[in-house]
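Following: one structure in structure tokens, then a few remarks.
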Amino acid sequence: MKHHVKLFYSFFQVAVRREMAYRGTYLAGIVGQWVSFAATFATIYILVSSFGMVGDWNGAEVMVLYGMDKLAYALGASFFFNFSSGLSRRIRSGEFDGSLTKPIHPFLHEILSCGYNIGYVSHISISIIVLVIALSALQYHITLHGVLLILSMVVSGALIQGAAFIASSTWSFFTISDHSVLDLMYDVRDFIHYPITIYPRGIQFILTFILPFAFMNFYPAAALLGKEIPTGYPAFLPYLSPVVGVLLFALSILLWNWGLKHYQSTGS
Amino acid sequence: MTMSFIEVKKLCKDYKIAKSEKGISGAVKSLFHREYTVKQAVRNVSFSLEKGEVVGYIGPNGAGKSTTLKMLSGVLLPTSGTVSVGGIVPYKNRRENARHIGVVFGQRSQLYWDLPISDTFDLYENLYNLPKEQFRKNCDYYIDLLDMKDFIDQPVRQLSLGQKMKANIAISLLHDPDVLYLDEPTIGLDVTSKKVLRDAIKEINAEKKTTIILTTHDMDDIEAVCKRLIMIDQGQKLFDGTLTDFRAKYNSGFSLKLEFDSVPPAWQKCSQYELAEQSEHQWIVRAADGISAKDAMIDLINRYDPTNLYVQEERIEDIVRAAYEVNK
């Protein structure tokens, strides 16, 4: 365990030093992301407040929804985006084979050596600002219970997002075609920018039970703000995010290992 | 019967090459139904190595060299057959095996592009959980041996191909592996860098008793560092033995270089000599078996009166080429 902590830290140092090798680019990137996300947040806010309500959610509540999603996404992506989007290329170039000749699990080595996209600092910071503004606009009383709830929801959301990245990268073990599954994931994710109660029941079902992205923001936000969930769904569902997160994360690693086995026996 | 350090028995590897279709619908379709063509990359290859041997593994492109190394290092599972390296089955006990091997796969760098080599060194210290003392000692040893002092703190992107190869080799050896697999270590390097690498490989083998398997296209690598060579083509082993035996088996004699001041006379066809190459003022003539060099020289001088005449022992590269032809 001590070894792993040391290992984690030394790879983290390398990741930071790599980004800092081009300080200018890095800072410009952060500022660019900031501007772009601030614009997106503003657009959604203006849209929602001028049309009044989306479902039974007002502007500030939708901002909580969006802020939570972005925060969880950015946390998951800072560890798993490079890993997931680069796997296909690394397999083709043969770099991935290097991970199979190291004395640690190749999954861990891949995460360590290409993970930590510290550029997501911009997403994380702006999401936190938006969440704070939106919650204070709603005159939400911060309690210890509330903070713990938000934290656990964000971590669960990050795990769900991580699982989505891991699962979609598994595809690379089977085919040389790039990114098709990752793109699919982004398309599905677009649904959760708005409360899922506005969608037809089929889509609600998919986002809850098949590709459960709704657990990244809708259910946690519904629990936090005391909102309605789709009719007929069990009332404890909004509190299930941590279970869904841990379960999906574990499943995605199993899936990835299964893909790896396939790669090792076929050479892809 | 005692086991050799590395035992490879009846090793086979088939690649199934899937015909993939485009887009998501194609991808989904191919999930349920796929067509394959099977390529036998390695066919029934067996050999054994003793500790401390340096073996050249040669063959043309696509012969199965890299595939064999991948099975030896635990990257790929064999389709059939077995591998044992120091009593460990690499593909079953991949992580344990990884502690005992060093791998350099051609130009696929293990270095971080934007960082100096020294950073990657530190990373490997933690990756292999090396004792401080062993790490420091090996760093100094390899930096000195491979003459890396001048560029150890430069970002990798500024380094030449040769410098990067040196760094990759050093990194793969920091944990004192028993075996070193080198896949095309000299490809694309200039003559000086090649020599430095070859000398270093010999030195490492002598000093650290590291068992080394290297694949190469460059026969000079083999002549410089390997006593033994294994030749494969189309996945099958064609030769396994010493360099001397290899020459004896496939050597078809010697060749002579004739140089002319002016336009050479017409070539007279005969059974004893073969005109292998011809340029404006120069011929390369191959002599048949059984003719002595002395007789051939007198004969050719009498017939063609060249300005200069050199006798050349056949280069191993030509022997290999001839051997592939014979086995075709």
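Spread over its residues, the convex hull of the C-alpha atoms of the stretch B:126-219 is 109 Å³ per residue. Neighbour counting of Cβ atoms within 10 Å sorts the residues A:Leu240, A:Leu71, fewest neighbours leading, into A:Leu240, A:Leu71.
Once the Kirkwood radius over Cα pairs is known for the protein assembly as shown, the Stokes-Einstein relation at 25 °C and 0.890 mPa s delivers a diffusion coefficient of 87 µm²/s. The local environment of A:Tyr120, defined by Cβ-Cβ distances under 15 Å, has a net charge of 0 under the rule Lys, Arg +1 and Asp, Glu -1. Calculated FRET efficiency, A:Val243 to A:Leu144, Cβ-Cβ distance, R0 = 25 Å: about 0.70 to the nearest 0.05.
Listed from fewest to most Cβ neighbours within 10 Å, the set A:His4, B:His33 follows the order B:His33, A:His4.
Applying both filters, DSSP loop and at most 16 other Cβ atoms within 10 Å, to the chymotrypsin sites (Phe, Trp or Tyr not before Pro) of the stretch A:6-44 gives A:Tyr22.
Arranged from fewest to most other beta-carbon atoms within 10 Å of their beta carbon, B:Cys139, B:Cys270 become B:Cys270, B:Cys139.
Ranked by the mean number of other Cβ atoms within 10 Å of their residues, highest first, the peptides B:274-283, B:199-208 come out as B:199-208, B:274-283.
Distance between the 7 Å Cα→Cβ label points at B:Arg136 and A:Ile210: 6.2 nm. Taking 1.567 mPa s as the viscosity and 4 °C as the temperature, the Stokes-Einstein diffusion coefficient of the stretch B:253-327 based on its alpha-carbon Kirkwood radius rounds to 100 µm²/s.
Tell me which of B:Val28, B:Val54, B:Ile88 sits at the most positive position along the dipole axis of the stretch B:28-117, charges placed on C-beta atoms (Lys, Arg +1; Asp, Glu -1). Going by the Cα projections, it comes out as B:Val28. Take each residue in B:86-93, count the other chain C-beta atoms within 10 Å of its C-beta, and the mean is 1. Taking amide hydrogens as placed 1.01 Å from N in the peptide plane, the amide H of B:Leu146 sits under 5 Å from that of no residue at least 5 positions away in sequence or on another chain. Using the structure shown, list the pairs from B:Lys65/B:Lys209; B:Lys132/B:Lys202; A:Lys2/B:Lys202; B:Lys92/B:Lys132; B:Lys149/B:Lys202; B:Lys195/B:Lys294 with a Cα-Cα distance above 32 Å, or answer none. Table pairs above 32 Å Cα-Cα are A:Lys2/B:Lys202; B:Lys195/B:Lys294.
Pairwise Cα distances in the stretch A:2-266 exceed 26 Å for 45 percent of all pairs. Put a plus charge on the Cβ of each Lys and Arg, a minus charge on the Cβ of each Asp and Glu, and nothing anywhere else: the dipole of the protein assembly as shown about its Cα centre is then about 1600 debye.
Estimated from the Cβ-Cβ distance and a Förster radius of 56 angstrom, the FRET efficiency linking A:Tyr233 and A:His3 is about 0.80. Taking the C-alpha atoms only, the angle from helix A:59-93 to the longest principal axis of chain A is near 10 degrees.
Once both labels are positioned 7 Å from their Cα atoms along Cα-to-Cβ, the gap between A:Asp183 and B:Arg321 label points is 4.7 nm. Summing Cβ point charges (Lys, Arg +1; Asp, Glu -1) relative to the Cα centre of chain B gives a dipole of roughly 1740 debye. Computed from Cα atoms, the angle from the helix B:316-327 axis to the main principal axis of chain B rounds to 90 degrees. Peptide B:73-79 has a mean of 5 when you count, residue by residue, the C-beta atoms of other protein chains within 10 Å of its C-beta.
Amide H to amide H, with H built 1.01 Å from N, B:Val42 comes under 5 Å of B:Lys13, counting only residues 5 or more places away or on other chains. Helix B:132-145 sits at what angle to the longest principal axis of chain B, using alpha carbons and giving 0 to 90 degrees rounded to 10? The angle comes out near 20 degrees. Which of rounded, prolate, oblate describes the stretch A:1-150, given a ≥ b ≥ c as roots of the alpha-carbon gyration tensor eigenvalues and a/c under 1.5 marking rounded, otherwise prolate only if a/b is larger than b/c? Because a/c hits 1.5 or more and a/b exceeds b/c, the stretch A:1-150 counts as prolate. Taking θ as phi - 60° and the Karplus parameters 6.51, -1.76 and 1.60, the scalar couplings of the stretch A:96-107 work out to 4, 4, x, 5, 8, 10, 9, x, 10, 4, x, 4 Hz in sequence order, x denoting glycine and proline. The mean number of Cβ atoms from other chains found within 10 Å of a Cβ in peptide B:264-271 is 0, as a whole number. Distance between the 7 Å Cα→Cβ label points at B:Arg157 and B:Glu50: 5.0 nm. Distant-in-sequence amide contacts of B:Gly241, defined by a placed amide H-H separation under 5 Å and a gap of 5 or more residues or a different chain, comprise B:Leu229. In terms of the mean number of neighbouring beta-carbon atoms within 10 Å, the peptides B:285-297, B:68-80 order highest first as B:68-80, B:285-297. One compactness figure for the stretch B:197-319 is 1.37, namely its Cα radius of gyration divided by 2.2 N^0.38 Å.
For the residue pairs A:Lys6/B:Lys70; B:Lys164/B:Lys249; A:Lys261/B:Lys29; B:Lys9/B:Lys166, alpha carbon separations beyond 26 Å are given by A:Lys6/B:Lys70; B:Lys164/B:Lys249; B:Lys9/B:Lys166. Check the straight Cα-Cα distances from B:Lys257 and name the aspartates and glutamates below 18 Å, setting aside those fewer than 8 residues away within the same chain. Filter leaves B:Glu274, B:Glu277, B:Glu280, B:Asp289, B:Asp295, B:Asp299, B:Asp305, B:Glu313, B:Glu314, B:Glu317, B:Asp318.
The simple Förster model, with R0 at 45 Å and r as the Cβ-Cβ distance, assigns A:Met20 and B:Lys294 a FRET efficiency of 0.05.
Since every read-out is calculated from the coordinates, none of them should be taken as a lab result. Source: prediction; values computed, not measured. Positions of Cβ are generated from backbone atoms using ideal geometry, with glycine treated the same way; all protein chains shown enter the neighbour counts.
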